[in-house]
Amino acid sequence: MPTERLTRRRALGLLAAAAGLPLALRATRATAEVVTWHGRALGAPATLILHHPDRAEAEKLLATCAAELDRLEGILSLYRPASALSELNRTRALAAPPPELVAILADCRTFHTLTAGAFDPTVQPLWRLYADHFQTGGAPTGPSPAAIAEARATVGLDAVLSSPDRIALTRPGMALTLNGIAQGWITDRITDLLRVAGVTSTLVDMGEIRGLGPDPWPVAVAGTDTLVPLTDRAIATSAPQGFAFDPARRFTHIIDPRTGATPARWSRVTVTAPTAAEADALSTACALLEDLPALPGVTVDRAS
């Protein structure tokens, strides 16, 4: 569904600061070429900026990254009907699931625990409820309390069984979305691929951004004058008001899985962390939280 594909993305994203990039380029070896790839990841623009002494080799690496991106989307995308995730949502059980799906669900459990349930990939039925309600001309006051309670009853990561042999959704009506973590998770996988190939300086943006290398990559938080230098770190931002289901903008795209409500506690939350998966998941959850326990290497910036 094209509309949902656009709206599930972060409406206020992060952009490599064009004015700042020359500083990073001058700080690298004079022999390194800068090779850039532009494409799409999970329905949104994606970019790789790679420093490499051999342009031909760099272009081969970028082609390998594009192929890996496509492969991972074939597992984790909510919008590809043939993806493993889509099949799981249709059938509620997968035998011999892809190891990447098992791994990302294990990470989801970690962030679910860290955020006291504010991060929960089983929130998809609530998203579908709000989207269907307003797309079909429902009352401007939003879905009824009874409808929210019915959808909320299908939510709960404890009802997802996951092992290398089988993944199962044990409640009728359950469905998963990985949109709160998949962009960051794929960013990390592409970064790891490049690191193993010997790349020491790159900026990877698969929907969330991670900088690799000893020299800082200046990254601008969209809609602000803030410039964040990334040195072997990642950054993600969530803006609840970036998309709303309704014209009055009372019901936003960040839904609290614990209550079924869509509170706009913060106008923007930006998280920097050692990995893009951490930054992605925590920025989503922190849009719903007053505070987050201190985590090593994680910084949270909120705008009210």
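Just so you know, all these numbers are worked out from the coordinates, no wet-lab data involved. Please read these numbers as outputs of a predicted model, since none were measured by experiment. All Cβ positions, glycine included, derive from the backbone under ideal geometry; neighbour counts span all protein chains shown.
Taken along the Cα-to-beta-carbon direction at a fixed 7 Å, the label points for Arg90 and Arg40 span 2.1 nm.
GNM remark for the chain: springs join alpha carbons under 10 Å apart, and the peak mean-square fluctuation among Asp107, Asp280, Asp132 falls on Asp132. Between the entries (i) 43, 24, 21; (ii) 33, 26, 19; (iii) 33, 22, 17, the label attached to semi-axes √(5λ) of the Cα gyration tensor in Å calculated for this structure is (iii).
Helix 276-286 versus the longest principal axis of the chain: what angle, 0 to 90°, nearest 10, using Cα atoms? With both axes taken from Cα atoms, the answer is about 40 degrees. Taking Cα atoms only, the orientation of helix 99-114 departs from the longest principal axis of the chain by about 70 degrees.
Per-residue ellipticity at 222 nm computed for the chain from its helices equals -10500 deg cm²/dmol, with DSSP H segments shorter than 4 residues left out and the rest contributing -39,500 (n - 2.57).
As a proxy for reagent exposure, ranking Arg210, Arg109 by other Cβ atoms within 10 Å from fewest up yields Arg109, Arg210.
Cβ-to-Cβ counts within 10 Å put Phe251, Phe119 in ascending order as Phe251, Phe119, the fewest first.
Scoring 170-176, 195-201 by mean Cβ neighbours within 10 Å over their residues and listing the highest first yields 170-176, 195-201. Which FRET efficiency value, to the nearest 0.05, do you get for Thr110 and Glu290 by plugging their Cβ-Cβ distance into 1/(1 + (r/R0)^6) with R0 = 30 Å? Computed FRET efficiency for Thr110 and Glu290: 0.90. Centroid-to-centroid, using Cα positions, region 175-248 and region 71-149 are 21 Å apart. The residues neighbouring Leu161, those whose beta-carbon lies less than 13 Å from its own, together hold a net charge of +2 under the Lys/Arg +1, Asp/Glu -1 convention.
Scalar couplings 3J(HN,Hα) for region 144-155, obtained by applying the Karplus form with A = 6.51, B = -1.76, C = 1.60 to θ = phi - 60°, are 5, x, 5, 5, 5, 5, 5, 5, 4, 5, 8, 8 Hz; x denotes Gly and Pro. Around the Cα centre of region 2-303, unit charges on the Cβ atoms of Lys, Arg, Asp and Glu (plus for the first two, minus for the last two) sum to a dipole of about 520 debye.
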